[in-house]
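Structure first, commentary second.
The values are calculated or read from the model by the stated rules, or taken from the named source; none is laboratory data. Fair warning: this is a prediction, and the values are worked out from it, not measured in the lab. So basically every Cβ, Gly included, is an ideal-geometry build from the backbone, and we count neighbours across all protein chains shown. The area values use the complete protein model at the heavy-atom level, side chains included, leaving out ligands, DNA and RNA. Shrake-Rupley method; radii C 1.70, N 1.55, O 1.52, S 1.80 Å.
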Amino acid sequence: MKVTFAIINYNRLYYLKSCAESLMESLSEHDDVEFICLDDNSKEEGTEEYLKDLKNKGWKILNHDDYRTSPKEDLETLAVQRKDAGGVSPGLIDITSDALNILLNESTGDLFVPLHGDMQFVRKNWLSEYVSLFKERDDVFCAMIDAQRKIRLERSEYDKVKTSCA
């Protein structure tokens, strides 16, 4: 089962490097993976070079502008206007969902795993367990990767699998 890992990036080079490098290291023994990074024209120094490095390592690097139907400035203005009207900015959610849809459409994996760019992977050879969940259970359609500290995981209880998104 091929797994696609996808990251959205904008001016967060430190976190992108940390996530990408630790992810690749944690999956060094699994070869049926795809890595995609959608960058939104980051201006941060070093980002362009690092994205080229990832591309040389087999990553698919996408530029958000290549997929936009309206200019970025319009989306940012919309986000600010909605936030100024009170509350959370749905405009930012629109931007993120647009990016996730782009990543999903570009994915060739059987499983699609969107990642926060500030995640780090410390455990190796975990992917086979993740994939087996989907192979063994036809009632599981989504499984989050919990990147919290060990102490929190030890206190957690998971006794029910949510089988619908009602």
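Table for the structure above
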{"quantity": "Distant-in-sequence amide H partners of Lys60 (H built 1.01 Å from N, under 5 Å)", "calculated": "Phe35, Ile36, Cys37"}
{"quantity": "³J(HN,Hα) computed for each position of the stretch 107-124 - Karplus, 6.51 cos²θ - 1.76 cosθ + 1.60, integer Hz, glycine/proline x", "calculated": "6, 10, x, 6, 10, 10, 10, x, 10, 6, x, 9, 7, 10, 10, 10, 8, 9"}
{"quantity": "Carbon/sulfur fraction of accessible area - the stretch 101-140, other protein chains in place, 1.4 Å, %", "calculated": "45"}
{"quantity": "Ordering of 129-138, 108-117 by packing [mean C-beta count within 10 Å, highest first]", "calculated": "108-117, 129-138"}
{"quantity": "Exceeding the 18 Å Cα-Cα cut-off - candidates Lys52/Lys124; Lys17/Lys52; Lys57/Lys135; Lys17/Lys60; Lys55/Lys124", "calculated": "Lys52/Lys124; Lys57/Lys135; Lys55/Lys124"}
